[in-house]
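Visitor: Please read through the structure below; I'll follow up with questions.
The values are calculated or read from the model by the stated rules, or taken from the named source; none is laboratory data. What you are looking at is a predicted structure, and each value in this text was computed from that prediction instead of being measured. Positions of Cβ are generated from backbone atoms using ideal geometry, with glycine treated the same way; all protein chains shown enter the neighbour counts. Side chains included, ligands, DNA and RNA excluded: accessible areas come from the protein's heavy atoms. Shrake-Rupley method; radii C 1.70, N 1.55, O 1.52, S 1.80 Å.
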Amino acid sequence: MSKYKQTSHRGRPGGGRSVQGQLVERPPEGEEQVVGVVDHVYYSNEETGWCALRVELPASGRTIRVAGVMPGIGVGDPVEMAGEWTMDKKWGAQLKVKRYEIRVPTTDEGIRKYLGSGMVPGIGAGMASRLVDHFGSHTLDVIDTAPQRLVEVEGIGPKRAKSIKESFSAQRDLRQVMVFLQGHGVSAGRAAKIYKRYGDETVRQVQQNPYRLADDVFGIGFVLADRVAGRLGVQQRSPFRIQAGLVYELGKATEEGHLYLPAEQLVTRAASRLEVDRALVEAQLPDLVQTRQVVCQEVGQELSQELPLATGEDDVPLAGPAYYKPALHFQERTLAQRLRCLIETPAHLVTVNWSRRRAWVEEKLRLKLAPEQARAVECAVTEKVAVITGGPGTGKTTIIRGILEVLEKEGLRIELAAPTGRAAKRMQEATGRPARTVHRMLEFAPAAGGFGRTAEHPLETDLVVIDEVSMLDVPLACALVRALHDETRLVLVGDSDQLPSVGPGAVLAQTIASGVVPTVRLTEVFRQAARSQIVMCAHQVNQGHAIEPPPSTGEGELFVVQTDDSTRAAEIIERLVVERIPRRYGLDPVDDVQVLSPTKRGVTGTLQLNAHLQRVLNPGGAELSRGDHVLRFADKVMQIKNDYDKEVFNGDVGRVVGVDTDARSLKVSFDGRVVSYGKEDLDKLVLAYACTVHKSQGSEYPAVVLPLLGEHYMMLQRNLLYTAVTRARQLLVLVAAPRALRRALGNDLVRLRHTALARRLRGDL
């Protein structure tokens, strides 16, 4: 552990020696328990509960600095704390508190300090002294059980006495909650998050159903909730525990992209996690259905032609009952019903004569449409619902512009949208017309907990065009189609060969697979796009051909750096990002160069790459620690969970523009919009010098560096490589082991997502 210089505080923990007139010490290692009295509060954040305190230790006469999440703590509080000694750059050694308990002060002086600290609104130092002078050591009992007696003290009337009682009770309740949660194995930081979610109802809610913590509080998973349940007396074979485990597994399946799980898989996964017999798990399914915690439906055999199947136990298509979370069952069913309704209901206002309009559109666009492009525009302007799909360079943007020219000429009101802010911005730049995120178009209202545009209050438009539909998941697609009038036209544009959405479902692939929605697939790569090595590489990958960079044309350059060693690959990536690419191409290493990786873990996973790149690209400045990670001023960061209150969504990338180390808060700029993050929000941010290919969907970068090595074996799939390649605009560098690259190109089997949208669209369900 590093050394530090002793400041004016006396009695720092640990021994010391004199160096150039100053005392240099090492704080003790390992966890330590201390008992003392809060002597001073340096900082306290009421919202997050984070405090920095000075604590006097009567047994030794020392004072120490402590920091951590300690809601409700104040001067004069007798405390018992446990934590580990850390070294703060500014403050030196301090105890980082993991657990704490506030004991009720019993001495007159302790009560006077406690009440005079400001922790109980309505009582200052002067009033605290008068109260203690009058009631002595019984002061806190009087406030709690006989508040009417407070009027005996000068300056307190009935109204103020009532206010003091209420404030004191609130503080007492908070203390009791913290003691309860910490007593059941919950750290102080997580206890503060739980209290923020449930407030005064915390103890009742947790006792009633501790497993809801995993769903309601971000960062608290099933393992912790199960541990709390065990300490509350829930037995391993309890039906209550098994049902909670089944519901949790369905939630985990949703995070993996599934709409449902076949019964066999659900039972197997739950029995393994809960470590109980399968028969016990199977016995609880009927009760879950009866209480409507899950929905059971026979979905029939999954068809391999709807989505390619990968190998592996979870990918075996199974007939029989399927179990959904109720909301996802409703959303998948409603999405299919609404799409069928849109297709079957005639559009109002206009019928387009395409044969008369084609020459006019080509004149407006100043180009001649290829047969595929003309067929796509015709489909979109004559059909009620249409899908246009194709890879890079096949003219999807030209087609959107052609659609807009035709239907604007007919006087139609048009809305353009995409699933992410960056995709919407590119759509706006390409078309010269306003485009928004789907959430903004549907007027999402965080306070109301839903969309402003619904079936009861639909969008007032005649045509909606959605780009990057491969990113659209079932819940958002359902919200979209519910917000459309039956007569509204809908055009869905995207690349069906890319990875599916981060959220559950495979909307674009399943819509095409159904055969119900008119679809045009674009395959011709146009001359200008064909000059790009990156575009041609993408099509080589999609066809499973070996990547052979053609002679350089100066547009969309492609390089392959071969290495079999992960450590060597990480060194190459660092040099590429920090030195070689910026020097040769004049690109900013943070804003313009993006490292993509198939995985989070490993030497060339995003976690280790981010740590290395942060160290060389942004080595100093104000910072905050979050677990094993550090977030610094000017860091490139990514949001990893939708936050509708802040209007920041999973995958959004920004830069840290403010760090308040005292308040433990950050400010992050997302394309010029500054968003504040308190301590409780920091686990929603990760470093983004490197990100996974999945998280890059909907984004484009001037330069992409992509490692493909043996350690990525389980993720080496053709659609993942294809998606990564299509993220690059000017430069793509593959740092690859030849065998890993061959596996990715040869593996066109993608992991099955359990979804029945195609069957529902066909009317089979």
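Visitor: Counting only residues that are among the hydroxyl-bearing types (S, T, Y) and either within 19 Å of A455 (Cβ to Cβ) or in a helix (DSSP H, G or I) (or both), how many does region 341-355 have?
Guide: Within region 341-355, residues that are among the hydroxyl-bearing types (S, T, Y) and either within 19 Å of A455 (Cβ to Cβ) or in a helix (DSSP H, G or I) (or both) number 2.
Visitor: Condition first: of a type in the set (V, I, T) and farther than 19 Å from R626 by Cα. Now tell me which residues in region 78-107 satisfy that. Explain how you work it out, then say what you get.
Guide: Narrowing region 78-107 to residues of a type in the set (V, I, T): 79, 86, 97, 102, 104, 106-107.
V79, I102, V104, T106, T107, listed by residue number.
Visitor: Tell me, which helices (runs of 4 or more DSSP H) wholly within region 440-540 include 1 or more residues that are touching a residue at least 60 places away in the same chain (Cβ under 8 Å) and of a type in the set (S, T, Y)? Give the derivation first.
Guide: Details: elements: 474-482, 507-514, 527-530.
Those helices (runs of 4 or more DSSP H) span 507-514.
Visitor: What number of residues in region 639-662 are among the hydrophobic types (A, V, I, L, M, F, W, C) and either at positive phi or open to solvent by 50 Å² or more (accessible area, probe 1.4 Å) (or both)? Please lay out each step first, then the result.
Guide: Our first condition is that a residue be among the hydrophobic types (A, V, I, L, M, F, W, C); within region 639-662, this holds for 640, 648-649, 653, 656-657, 659.
So of that shortlist, the ones also either at positive phi or open to solvent by 50 Å² or more (accessible area, probe 1.4 Å) (or both) come out as 640, 657.
Count: 2.
Visitor: Do we find that Q297 is of a type outside the set (S, T, Y), more than 21 Å from A509 (Cα to Cα) and modelled with pLDDT under 95 in this structure? Outline the logic, then answer.
Guide: Working: of a type outside the set (S, T, Y): yes; more than 21 Å from A509 (Cα to Cα): yes; modelled with pLDDT under 95: yes.
Yes, satisfied.
Visitor: Has region 663-673 got at least one residue that is open to solvent by 40 Å² or more (accessible area, probe 1.4 Å), in contact (Cβ under 8 Å) with a residue 24 or more places away in the chain and among the aromatic types (F, W, Y)?
Guide: no
Visitor: Just need a number here: residues in region 54-82 that are surrounded by fewer than 22 Cβ atoms within 10 Å (Cβ to Cβ), part of a strand (DSSP E or B) and of a type outside the set (S, T, Y).
Guide: Matching residues across region 54-82 total 10.
Visitor: Could I ask something else about it? D141 fails exactly one of the following numbered conditions: (1) open to solvent by 20 Å² or more (accessible area, probe 1.4 Å); (2) within 17 Å of G74 (Cα to Cα). What is the number of that condition?
Guide: (2)
Visitor: Another one. Give the residue, chosen from R338, R358, R333, that is surrounded by fewer than 18 Cβ atoms within 10 Å (Cβ to Cβ) and part of a helix (DSSP H, G or I).
Guide: It is R358.
Visitor: Where residues in region 503-522 are within 23 Å of A327 (Cβ to Cβ) and out of contact with any Asp or Glu (no Cβ under 7 Å at 6 or more places or on another chain), which of them is surrounded by the most Cβ atoms within 10 Å (Cβ to Cβ)?
Guide: Top of the filtered list is A506.
Visitor: Does L416 satisfy the condition of being in a strand (DSSP E or B) and under 16 Å from A758 (Cβ atoms)?
Guide: No.
Visitor: Of the conditions (1) open to solvent by 10 Å² or more (accessible area, probe 1.4 Å); (2) closer than 26 Å to T523 by Cβ, L490 clears all except one; give me its number.
Guide: (1)
Visitor: So, in region 676-699, exactly how many residues are free of Cβ contacts under 8 Å to residues at least 60 places away in the same chain and either under 16 Å from E647 (Cβ atoms) or touching a helix residue (DSSP H, G or I) at 6+ places or on another chain (Cβ under 8 Å) (or both)?
Guide: Counting residues in region 676-699 that are free of Cβ contacts under 8 Å to residues at least 60 places away in the same chain and either under 16 Å from E647 (Cβ atoms) or touching a helix residue (DSSP H, G or I) at 6+ places or on another chain (Cβ under 8 Å) (or both) gives 4.
Visitor: Filter region 94-136 for residues that are of a type in the set (F, W, Y) and either within 29 Å of G185 (Cβ to Cβ) or not in a helix (DSSP H, G or I) (or both) and give the result.
Guide: Y100, Y114
Visitor: Given the conditions (1) modelled with pLDDT of 95 or more; (2) in contact with a helix residue (DSSP H, G or I) (Cβ under 6 Å, 6 or more places away or on another chain), report the number of the one that A483 does not fulfil.
Guide: For A483, the failing item is (2).
Visitor: Select from region 280-295 the residues that are of a type in the set (D, E, K, R) and either crowded, with 18+ Cβ neighbours inside 10 Å or not in a loop (DSSP other than H, G, I, E, B) (or both) and list them in ascending order.
Guide: E282, D287, listed by residue number.
Visitor: Okay, moving on. Can you find a residue in region 166-188 that is charged (D, E, K, R), crowded, with 16+ Cβ neighbours inside 10 Å and either within 30 Å of the chain's Cα centre (by Cα) or under 20 Å from R241 (Cα atoms) (or both)? I'd like the intermediate steps shown before the answer.
Guide: Within region 166-188, the subset charged (D, E, K, R) is 166, 172-173, 175.
Now narrow it down to the ones that are crowded, with 16+ Cβ neighbours inside 10 Å: 172-173, 175.
Cutting the leftovers down to either within 30 Å of the chain's Cα centre (by Cα) or under 20 Å from R241 (Cα atoms) (or both) gives us none.
Within region 166-188, not a single residue is charged (D, E, K, R), crowded, with 16+ Cβ neighbours inside 10 Å and either within 30 Å of the chain's Cα centre (by Cα) or under 20 Å from R241 (Cα atoms) (or both).
Visitor: How many residues does region 581-596 hold that are farther than 15 Å from D635 by Cβ and free of Cβ contacts under 8 Å to residues at least 40 places away in the same chain?
Guide: 4
Visitor: Right, something else. Within region 419-439, work out how many residues are modelled with pLDDT of 90 or more and outside any helix (DSSP H, G or I).
Guide: 7
Visitor: Take the residues in region 195-224 that are more than 20 Å from the chain's Cα centre (by Cα) and without any contact (Cβ under 8 Å) to a residue 24 or more places away in the chain; name whichever of them is farthest from R292 (Cα to Cα).
Guide: G199
Visitor: Another question about this same structure. Scan region 363-379 and give yes if some residue there is among the basic types (K, R) and surrounded by 19 or more Cβ atoms within 10 Å (Cβ to Cβ), otherwise no.
Guide: no
Visitor: Name the residues in region 523-534 that are open to solvent by 10 Å² or more (accessible area, probe 1.4 Å) and not polar (S, T, N, Q), would you?
Guide: Across region 523-534, the qualifying residues are E524, V525, F526, R527, A529, A530, R531.
Visitor: A follow-up question, please. Having 3 or more residues that are modelled with pLDDT under 80 is the bar; report the helices (runs of 4 or more DSSP H) wholly within region 181-244 that clear it. Even if it seems obvious, please write down each step before you answer.
Guide: On the way: elements: 188-198, 202-208, 212-216, 222-231.
Ranges flagged: 188-198.
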